[in-house]
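Just below is one structure, and these are the notes that go with it.
The values are calculated or read from the model by the stated rules, or taken from the named source; none is laboratory data. Keep in mind that what you see is a predicted model, and the values were worked out from it rather than measured. Heads up, the Cβs are rebuilt from the backbone with ideal geometry, glycines too, and the neighbour counts pull from every protein chain shown. Side chains are part of the model used for accessible areas, which takes the heavy atoms of the whole protein and leaves out ligands, DNA and RNA. Shrake-Rupley method; radii C 1.70, N 1.55, O 1.52, S 1.80 Å.
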Amino acid sequence: MRYGAMNFPIVPILDEIETFAGLGFDYLELTMDHPEAHYSTVSANQAAITKALRRHDMGIVCHLPTFVSPADLTDSIRRASVTEMKRSLSVATDMGARKVVLHPPMIGGMGAYVPEKAMGYAYDFLSEILSQSETLGVTICLENMMPRNNFGVEPPELETIFNTFPSLKFTLDTGHANLNDNGQNRLQELVRRFVNRVGHVHLSDNRGVYDDHFRLGNGNIDFPSLANVLVEAGYDDTVTFEVFDRNRQMLVESREFWCKLVD
């Protein structure tokens, strides 16, 4: 497996590359959000970012913007969000990313009261972004979301999405899967249904209430079982540690924790 870490968008990207390279990570997962990692900033600093990655022999996976609303009921907001996503995807491809993580659109605001309409917009967006990705030759890995997203959360609805869009791959996020699970074993069900579609993995721990992004082993997620299933399925691709701690050594400890399970 290849191991990466995600930048904190308030920190300059070049600083994050130096930090992660010093910690021995194989790639940067670049989340393309303001203020330091918006696509416009990434594009303006593309040469320097690419040079730094090459100097450290690091790869790149890009994560399209989180704080946009491509299923919003308001047409101008929705279209602006779709434009942000599409421009980010183009810049990600220019940066050399061949794998891009995508959050399913959130069904929020008044959309929660007319979910069929909002989900129609969500499907329209997925169709549009996938059409662009196929033209650019980049793989979209759709991430399972936390329950408050109201879309792309539970295994049955994700199965419908994947059946509708066969070219989509799956980003398995352990933290999101564990939230408000109420004993339903959502993580285990996601792995059971989609293990052969997994194209990327996000690892972090929590206790099932908040998306804490703890160091692996500091919450209640069953990582040994997950590791066994992924290894048995032959998964040997990218794994990003989403451990958001001021002490970046927690990233290294999480990687060591995981490596003991899969080696």
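A few notes on this one:
- Near T160, once Lys and Arg are set to +1 and Asp and Glu to -1 for all other residues with Cβ below 14 Å from its Cβ, the sum equals -2.
- Spin-label pair S43/L23, simplified geometry with 7 Å Cα→Cβ offset, distance in nm: 3.0 nm
- Placing pseudo-labels 7 Å out from each Cα toward the beta carbon at F165 and D263 gives an inter-label distance of 3.7 nm.
- By accessible area with a 1.4 Å probe, ligands and nucleic acids excluded, highest first: order of C62, C259: C259, C62
- Antiparallel bridges, percent of DSSP beta bridges restricted to the chain (to nearest 5): 5 percent
- Label-to-label distance, nm, for residues given as R246 and R79 (7 Å Cα→Cβ offset): 4.5 nm
- Once the 1.4 Å probe is applied to the protein heavy atoms, the chain comes out at 45 Å² accessible per residue.
- For segment 17-44 versus segment 90-168, the gap between their alpha-carbon centres in whole angstrom: 22 Å
- Calculated FRET efficiency for the pair K117/R148, C-beta based, R₀ 30 Å, to 0.05: 0.95
- Listed by chain and number, the lysines whose C-alpha is less than 16 Å from the C-alpha of K86, apart from same-chain residues fewer than 8 away, are K99.
- Here segment 102-229 carries DSSP beta bridges of which approximately 10% are antiparallel, counting only pairs with both residues inside.
- Rounded to the nearest 10 square angstrom, M106 shows an accessible area of 100 square angstrom against a 1.4 Å probe.
- Options (1) 47, 46, 31; (2) 57, 41, 40; (3) 62, 40, 38 - which one matches Cα extents along the principal axes in Å as calculated here: (1)
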